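K.L.:
Here it is, the structure in full.
Computed from the coordinates by the stated procedures, all read-outs in this text should not be read as laboratory data. All figures in this text were calculated on a predicted structure; none of them were measured in a lab. Ideal geometry is used to build each Cβ from the backbone, glycine not excepted, and the neighbour counts take in all protein chains shown.
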Amino acid sequence: MNAVLQNGLTWLASFRLRVLFRSAFLLLALATLVMAVVVLQEEKQRSYDSYQQSFAKTKQQIAAQLRHPTGQLALLNPSDALAPVTPLHPVLLPFSAIDFDDQSKVRNAVEMTGCLVQYPHYGSLCVAIGNNPWAGGFIYAAGTFASPALVPHTVGDKILDTAHRLRVEVNLRGQTYRWIAPFEPLPAPSNPQREGVRGRFTGYVDIGSRDYTGARTVRDFRGWVWQGSTCLDNAAVLTDDCEKKSFFSLRLPVDVLRDALFLKEKPVWPPADLAQMQVRVEVLAPGEAGVVFDSNAEGAVPPFSLGDLRAQLLQGETLRIRKSASSNGTLNAPDLVRLQGSESSAAESSPLLTRLIRRLPVDSYDAPIALQEDVATPLGNYTIDLHGDARSVNKSLSAVATRLSWFVGAMLLAIGLAWLVIEVGIIRRIARLTKRSRELSKTVKTTGGLEHFDLADLRGNDELGILANGLNDLLRRVKEDAERERIRAEQEKDMWHAVGHEIMSPLQSLMVLHRSDTDPSLRYVNRMQQAVRILYGSASPSEAFQSSALAVQTVELHAFLQTVAANSASVSIAHVQYTSDHGTVLVRAEEYALEDVVTHVLHNANRCRTPGSAILLALHTTETEATVTIHNTGPQIAPELLDKIFEYGVSDQPESAANGNRGQGLFVAKTYMAKMGGTIAARNEDDGVTLVLGLQRSVAT
């Protein structure tokens, strides 16, 4: 059971690197998605909190704006946004009346309420009535226009078109009122260059003629004008030709309105047909110069109205304004105006992200959003109902998230591409290498187990490719070595069987010749036959050499080396030179084995030396060791082979076996030196190679 579990854990461990890489990328992708969702939830909470604050601020701004005279004017005069601006109709002021004789008061009144309709070229006009009917049935008109210096009308002159003049027309309830009012200056102020020109417009009933002989002024018609002293073009020198801005104020007597106040029925104020009344004011230049200002001109910009509050509403918000129940005596008053925030169509959002954002939980998200406020006016209170829609937070956040989703998608795509590159370029190659290594582990001990193992398709210039290339080369080397070893083993087996057979046949003949037990030669023949059986019967040469036993004795090394150098020519090794400064040197060795060692080394030196060069033998001693150096000039040994040349079968010749070089000589030398207690090593010199034999010295007895 434990073995099965251990095998299972080992099998799982082989996938650990792949699982680690894939899990890392999976967790990275999940972390990116979770981070995006968490950020969306936090942004939704912030957006909702911000929306609530903005919603309350919007209510406060609308209420403050409606409490201002400008807002009260809009409440008292709810207008249709689709209705044309001109011709003008009177609006109901939040004041009981206007002090039209005082420039400062009337200017403050019309500017504060914002009832001025703006025209091009410094023109403006406000037409209004007071909220108190008992102040008189008057229509007030005040505004500005730009013109050169006003040309006055001479008192007593019955021709009115020689001066600047006003032409006013009022249409209501089927009746039309027309007035013509020429400019008459007042006494010049003490500093006219600073204070400008003051005057009045004297009103006459417009009869459509130039000659107003016998015409009387309209007693209740009042008109005032104040022309500034500064040129509108900022000219340094004041002239009568430069345009200056003039402010005028009118009180128009309308008999129909005044008569309605004294009827038996309680007067209705403001009049119900206020929006149907039409007022036109024109400023005419002297003579045929044309019209300076016309209230029916194009390009008029209306004042603030309740419809302008729509711009302050966000998408999904609804604003309702109605008369309060305490003001009109009804419980369900109709809406004075109902406005909704405009839909934003520019931003596109993803339906998937919208559903995701809608499902993200936030605090107090389901609570209703509605605020109410009351605004008091001179004619009663008005209730403001502002309703919000929290879904607008989802829509706006979804639009932003849709734009930013490309970045999250780009991050996930980058993670996916990185995973794909690593998966295809590394993990898949690692998996193939792991699979083939596992198969090799199962088949390497069988015959031909290395034949089908190939890593050539995994080679490359990266780290894994270099590793695969190295393993493939190593495997090829192992397969070649294995094949070479197999061939060598077969050749050795055949050769040694043949050698043993050829040796055993003469030995059998000798045994016949020396058949008698009393023959002393029979003992040596039996020993030779036994040696052949041990060395060449069934064991390989390497095993035979390693299992052989040597009789170590004392050898005089100096004389031995002299004899070897002298007899080297007889074994085809010429130019062997021996030098030594020592006399008798006794070492522990076996003479015939030591002679085999030196002979093998000399054969290798002879094969590798430069032709015609000498092989140098030298003897060096210490108190405990004698060292023999054999040096030949020629090529050096490859550094990676310095330690391998003493292994069995290693040779620097590709076809060593075919040429009779089996890589056996140095192996035998190292084996015999070890059995004699000595050492052998090779080192590269500047001009060749030196092999060093070390032997233990023997004490003479």
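K.L.:
Going by amide H atoms built from the backbone, whose H comes under 5 Å of the H on CYS126, apart from near neighbours?
P.N.:
Amide H neighbours of CYS126: VAL117, ALA142, GLY143.
K.L.:
Exposure proxy check: ILE422, ILE129, ILE630 ranked by fewest other beta carbons within 10 Å? Could you put the intermediate results ahead of the total?
P.N.:
On the way: ILE422 16, ILE129 26, ILE630 22.
In increasing order of surrounding Cβ atoms, one gets ILE422, ILE630, ILE129.
K.L.:
In addition: With 10 angstrom as the radius, rank THR679, THR579, THR202 by how many other C-beta atoms surround their C-beta, starting from the fewest.
P.N.:
On the way: THR679 15, THR579 10, THR202 21.
Ascending number of Cβ neighbours within 10 Å: THR579, THR679, THR202.
K.L.:
Could you pull out every residue, at least 5 positions away or on a different chain, whose amide H is within less than 5 Å of the one on PHE293? Hs are placed 1.01 Å off N in the peptide plane, and Pro or chain starts have none.
P.N.:
VAL283
K.L.:
Moving on to the next point. Using +1 at the C-beta of Lys and Arg and -1 at the C-beta of Asp and Glu, which of PRO94, VAL256, VAL170 has the Cα lying farthest in the positive direction of the dipole of segment 82-285?
P.N.:
Of the listed residues, the answer is VAL256.
K.L.:
Using 0.36 nm per residue, how much length does the chain from SER405 to ARG428 gain when fully extended, once their Cα-Cα distance is taken away? If you can, show how the numbers build up before the last one.
P.N.:
Values: separation 23, 0.36 × 23 = 8.28 nm, distance 3.16 nm.
Value of the extension gain: 5.1 nm.
K.L.:
What distance in nm lies between label points placed 7 Å from Cα along the C-beta direction at GLN577 and VAL205?
P.N.:
So the label points at GLN577 and VAL205 sit 15.9 nm apart.
K.L.:
Whose amide H sits under 5 Å from the amide H of ASN381, counting only residues 5 or more places off or on another chain, with H placed in the peptide plane?
P.N.:
It is SER324, SER327, by chain and number.
K.L.:
What residue among LEU550, GLN562, ALA626 has its Cα farthest toward the positive end of the dipole of segment 548-696, where the charges are +1 on Lys, Arg and -1 on Asp, Glu, each on the Cβ?
P.N.:
Highest projection toward the positive end goes to LEU550.
K.L.:
Within the set of other residues whose C-beta is less than 13 Å from the C-beta of ASP101, count the net charge using Lys and Arg as +1 and Asp and Glu as -1.
P.N.:
Working: positive: LYS105, ARG107, ARG198, ARG200, ARG222, ARG251; negative: ASP99, ASP102.
The answer is +4.
K.L.:
Roughly how many debye, to the nearest 20, is the charge dipole of segment 548-696 about its Cα centre, given +1 on each Lys and Arg Cβ, -1 on each Asp and Glu Cβ, and no other charges?
P.N.:
Result for segment 548-696 is approximately 260 debye, rounded to the nearest 20.
K.L.:
HN-Hα J couplings of segment 281-297 from phi, Karplus 6.51/-1.76/1.60, θ = phi - 60°, integer Hz, Gly and Pro as x?
P.N.:
So the J values, rounded to whole Hz, are 10, 10, 10, 9, 7, x, x, 9, 5, x, 9, 7, 8, 9, 6, 8, 5.
K.L.:
For segment 420-430, what does the Karplus curve 6.51 cos²θ - 1.76 cosθ + 1.60, with θ = phi - 60°, yield as ³J(HN,Hα) per residue in whole Hz, taken in order and with x for Gly and Pro?
P.N.:
Running phi through 6.51 cos²θ - 1.76 cosθ + 1.60 with θ = phi - 60° gives 5, 4, 5, 5, 6, x, 10, 4, 5, 5, 5 Hz.
K.L.:
Given contacts defined as C-alpha pairs under 8 Å and at least six residues apart, what's the relative contact order of segment 249-319, whole-number percent?
P.N.:
Details: 25 pairs, mean separation 10.2, N = 71.
Relative contact order, segment 249-319: 14 percent.
K.L.:
For segment 393-406, just list the computed ³J(HN,Hα) in residue order, Karplus coefficients 6.51, -1.76 and 1.60, θ = phi - 60°, integers in Hz, with x standing in for Gly and Pro.
P.N.:
5, 4, 5, 5, 5, 5, 5, 5, 5, 5, 5, 7, 5, 5
K.L.:
Taking neighbour counts of Cβ atoms within 10 Å as a proxy for exposure, in what order, fewest first, do GLU490, GLU647 appear?
P.N.:
On the way: GLU490 10, GLU647 13.
Sorted ascending by nearby Cβ count, the order is GLU490, GLU647.
K.L.:
Given the pairs LYS479/LYS644; LYS158/LYS245; LYS59/LYS323; LYS323/LYS395, which are separated by over 23 angstrom at their Cα positions?
P.N.:
Values: LYS479/LYS644 18 Å; LYS158/LYS245 28 Å; LYS59/LYS323 17 Å; LYS323/LYS395 33 Å.
Long pairs (Cα-Cα over 23 Å): LYS158/LYS245; LYS323/LYS395.
K.L.:
While we're looking at this one, here's another question. Counting only C-alpha contacts under 8 Å and six or more residues apart, can you give the relative contact order of segment 82-285 as a whole percent?
P.N.:
Numbers: 424 pairs, mean separation 53.7, N = 204.
Worked out over segment 82-285, it gives 26 percent.
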